[in-house]
Amino acid sequence: MTIEPIDARDLIGHPGISRLAHVGGTLEGLGTEVATLKVDEPVQGDLLLESVVEGILVTGHLDGTFALRCARCLKDFEQPVRVEVHELFSTEPEPDDEDVYPLDVEGWLDPEQMVRDALGLELPFSPLHSPDCQGLCSVCGGDRNLGECPGDHPDVDPRWAGLELVLQELEDRI
Ligand SMILES: [Zn+2]
Ligand SMILES: [Zn+2]
């Protein structure tokens, strides 16, 4: 399933008329390594469609769910996302006007690109599962949120941490 087109044929050529429409569906392939739109949870939205001289003005909000990976502790988590949209769909968009979405001359409105753009802009670059996530210890790799790191390591440059462990093992054997 993808995002369903909206039948707006009744609005075409009748500036001043408006009505509500529901948008729903799923989108694949939106996201980055650490943040993606969940494909098994549909995007939903209630949109106001307003017929204007240039085409149809779409206003409302979209709800979806992001699947995220915490940038500090690598924990997977989910987060609901709501984004406001206010976009013009036109049957005659100017070739270089990127702010206007194309509208089928008959009045079928395909909201997929708008949904993709709006939610894509909300994807976090550096998601945190909690604003005060303690992250992983750079020395022992323990999750500090779970108390896995004893926290009393000698102050070691993380780049040498691996070497330090090897040295410690050697020392233990002697
Ligand atoms: Zn975290
Ligand atoms: Zn540690």
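Worth a mention:
- Estimated dipole of the chain in Debye, rounded to 20 [Cβ of Lys and Arg +1, of Asp and Glu -1, Cα centre]: 600
- Length available on full extension from Q79 to D40: 0.36 nm per residue minus the Cα-Cα distance, which gives 12.7 nm.
- Of the accessible area of region 68-142, computed with a 1.4 Å probe over protein heavy atoms only, carbon and sulfur atoms account for 47 percent.
- DSSP beta bridges confined to the chain are antiparallel in about 95 percent of cases.
- Gain upon complete extension [F125, H153; 0.36 nm per residue less C-alpha separation]: 7.0 nm
- In this structure, the amide hydrogen of A8, modeled 1.01 Å from its nitrogen in the peptide plane, lies closer than 5 angstrom to those of W108, L109, counting only residues at least 5 positions away or on a different chain.
- Residues of the chain: accessible area per residue with a 1.4 Å probe, Å²: 63
- Close amide H partners of T26, meaning residues 5 or more places away or on another chain with modelled amide H under 5 Å apart, are T2, I3, V43.
- Modelled label positions at Q113 and D10, each set 7 Å beyond Cα in the direction of Cβ, lie 2.7 nm from each other.
- Sum of side-chain charges, T36 neighbourhood, beta-carbon under 14 Å (Lys, Arg +1; Asp, Glu -1): -4
- Phi angles of region 79-95 translate, via the Karplus equation with coefficients 6.51, -1.76, 1.60 and θ = phi - 60°, into HN-Hα couplings of 8, x, 10, 10, 10, 8, 10, 7, 9, 9, 10, 10, 6, 10, x, 5, x Hz per residue; Gly and Pro are given as x.
- Per-residue ³J(HN,Hα) for region 15-31, Karplus 6.51 cos²θ - 1.76 cosθ + 1.60, θ = phi - 60°, Hz, x for Gly and Pro: x, x, 7, 9, 7, 8, 9, 9, 10, x, x, 10, 10, 9, x, 9, x
- Accessible-area order (highest first, 1.4 angstrom probe) of the listed residues K75, K38: K75, K38
- Karplus-based coupling profile of region 103-116, in residue order and whole Hz: 10, 4, 4, 6, x, 7, 10, 9, x, 4, 5, 5, 4, 4, with θ = phi - 60° in 6.51 cos²θ - 1.76 cosθ + 1.60 and x standing for Gly or Pro.
The values are calculated or read from the model by the stated rules, or taken from the named source; none is laboratory data. Small disclaimer: the values here were computed from a predicted structure and weren't measured. Glycine also receives a Cβ, built like all others from the backbone with ideal geometry; neighbour counts cover every protein chain displayed. SASA here: full protein model, heavy atoms, side chains in, ligands and nucleic acids out. Shrake-Rupley method; radii C 1.70, N 1.55, O 1.52, S 1.80 Å.
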